[in-house]
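The values are calculated or read from the model by the stated rules, or taken from the named source; none is laboratory data. Quantities reported herein were computed from a predicted structural model and do not represent experimental measurements. Positions of Cβ are backbone-derived with ideal geometry, glycine not excepted, and every protein chain shown enters the neighbour counts.
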Amino acid sequence: MRFILFLLTCVSVLSAAPIKTAQLLAVGKEPVRIVCIGDSITGVYYHSGGLRAYPEMLQIALKKIHPQAQIVVRNAGISGDTTTGGLKRLERDVLAHKPHLVTVMFGMNDLVRTPVADFQNNLREIIRRCHAIDAEVILCTQNSIVESPQRSRAKLAEFTQAIRDIAKAESIAVADCFAAFDAVHSKDALEWNLLLSDPIHPNMAGHKLFAETIAQTITGQNVSLSDIGPPLPALSHTLALLKTGQPVKVLAMPPYDTLILPAIQQLYPQAIINVTSWPVEGQTLAQLEGSAKKVRTMAPDLVLISVPGSLPVPQPEDFHKSYSWIMNWSLSFGPQQWDVIVALPSAAKIKLNAEEQQHEALARRLIEAQDLHMLAGDPSALTTLLTQHLKPSQN
């Protein structure tokens, strides 16, 4: 073990990795406390399913590398925040938790509000204050983005390089997530696009790449999170209502608008289920995306999305955009407040033509990337899923 730690220390020194944190993880004798501070890309929001983001995935990644380690990762991401806001709340949200390691990921909002020199000064102060309590620091670059008038790729690249420059000057590690995303883009632009929930926010597939990159920076070891599915249980909000006899408001696309009531009442005969149908007939994918904007105002308890595979879509990028936003708008803005299940096209239609099969494959990728549970197979899969996650024996 001493020889392993010696090698680990040598590698850490050469790469400016967090030596003490890496050693604590390798030894596994005491809890390792990590705080991840940042903006909405760090925090738990709808982009990644509303239950987890890369800090939560980082804990899973580190446990994969060091199964014996005791790890507590705290998510200190807040939507809309900048390095200026991060400094103001650093004591409360980071330092008060006495972390061994702090990861810092800012830039996406700073680049539209903060001069780059001020951004760098803020990072220096965050580093100084973390070091003052003997916490190690990793600076994280953010993901690459879709070009927009507000956020240009050139401007983001400038801030990304500013992060790298500060890390070099301060002799601390960089988890270069921008480079990781860019590497995917250079190989396959569509694969890169499938890492995003919208033009600037990664989905869960992107957050897994974040976590893998940060974990490698901490430990020097590669890890894959591709086998990690959505969190369980799938219907915790609905289950809590059913257990206490409260009404359940359901918003469902056909055919689940007629199937959900008898399926739940098979398990809970006295349940009060109020179902609102979400029409799809005669709608384009873009129109369904538009109607999804009403979901949050309805505040349902359970949403069942079933987009037909037969809808005409000219390009995969258009399918990705609209399908992702149907799911995005169906989730609460912040941490998940209601349950969302998404059915593959084949769950409502047994036989698919070639175009529908293509849409099916893309839909599967996007549902998994949103960290949501899916219905696959014929409509009877609904009964199977409900029995698995809502069965009264869980009382």
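Descriptive notes on the structure:
- Applying the criterion of being in contact with a Leu (Cβ under 6 Å, 6 or more places away or on another chain) and small (Gly, Ala, Ser) to the residues of the stretch 160-201, the residue that is nearest to Thr83 (Cα to Cα) is Ala167.
- Filter pass, Leu344 being surrounded by 16 or more Cβ atoms within 10 Å (Cβ to Cβ), outside the structural domain of Asn75 (by TED's automatic domain parsing), modelled with pLDDT of 85 or more and touching an Asp or Glu at 6+ places or on another chain (Cβ under 8 Å): yes
- Hits in the stretch 281-303 (condition: polar (S, T, N, Q), out of contact with any helix residue (DSSP H, G or I) (no Cβ under 8 Å at 6 or more places or on another chain) and touching a residue at least 24 places away in the same chain (Cβ under 8 Å)): Thr284
- Residue within the stretch 361-368 that is free of Cβ contacts under 8 Å to residues at least 24 places away in the same chain and either part of a helix (DSSP H, G or I) or closer than 18 Å to His237 by Cα (or both) present: yes
- Count of the stretch 349-364 residues, restricted to those that are among the basic types (Lys, Arg) and at pLDDT 80 or above, is 1.
- Per-region count, the stretch 266-280, residues touching a residue at least 12 places away in the same chain (Cβ under 8 Å), of a type outside the set (Gly, Ala, Ser) and either assigned to a loop (DSSP other than H, G, I, E, B) or surrounded by 15 or more Cβ atoms within 10 Å (Cβ to Cβ) (or both): 9
The rows are residues; the columns are (1) assigned by TED's automatic domain parsing to the domain that holds His389; (2) among the hydrophobic types (A, V, I, L, M, F, W, C); (3) over 23 Å from the mean Cα position of the chain (by Cα); (4) crowded, with 20+ Cβ neighbours inside 10 Å.
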residue: Phe159; (1), (2), (3), (4): no, yes, no, yes
residue: Ala180; (1), (2), (3), (4): no, yes, no, yes
residue: Ser197; (1), (2), (3), (4): no, no, no, yes
residue: His201; (1), (2), (3), (4): no, no, no, yes
residue: Met204; (1), (2), (3), (4): no, yes, no, yes
residue: Pro230; (1), (2), (3), (4): no, no, no, no
residue: Leu251; (1), (2), (3), (4): yes, yes, yes, yes
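- Being surrounded by 14 or more Cβ atoms within 10 Å (Cβ to Cβ), touching a residue at least 12 places away in the same chain (Cβ under 8 Å) and among the polar types (S, T, N, Q) is not true of Ser171.
- Test: residue in the stretch 54-72 that is under 16 Å from Leu90 (Cα atoms) and in the same structural domain as Leu194 (by TED's automatic domain parsing): no
- Matching entry among Leu232, Leu225 (being of a type outside the set (Phe, Trp, Tyr), in a loop (DSSP other than H, G, I, E, B) and at pLDDT below 95): Leu232
- Selection count, the stretch 281-295, where residues are outside any helix (DSSP H, G or I) and either modelled with pLDDT of 95 or more or over 30 Å from the mean Cα position of the chain (by Cα) (or both): 4
Here is a yes/no grid of residues against (1) outside the structural domain of Ser40 (by TED's automatic domain parsing); (2) surrounded by 20 or more Cβ atoms within 10 Å (Cβ to Cβ); (3) touching a His at 6+ places or on another chain (Cβ under 8 Å); (4) within 23 Å of Leu194 (Cβ to Cβ):
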residue: Gly290; (1), (2), (3), (4): yes, no, no, yes
residue: Lys293; (1), (2), (3), (4): yes, no, no, yes
residue: Val303; (1), (2), (3), (4): yes, yes, no, yes
residue: Pro308; (1), (2), (3), (4): yes, no, no, yes
residue: Glu317; (1), (2), (3), (4): yes, no, no, yes
residue: His320; (1), (2), (3), (4): yes, yes, no, yes
residue: Ser324; (1), (2), (3), (4): yes, yes, no, yes
residue: Ser330; (1), (2), (3), (4): yes, yes, no, yes
residue: Trp338; (1), (2), (3), (4): yes, yes, yes, no
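- Restricting Leu190, Leu209 to residues that are in contact with a Cys (Cβ under 9 Å, 6 or more places away or on another chain), part of a helix (DSSP H, G or I) and assigned by TED's automatic domain parsing to the domain that holds Gln23 narrows the list to Leu209.
- Yes/no for Ile163 being part of a loop (DSSP other than H, G, I, E, B) and modelled with pLDDT of 95 or more: no
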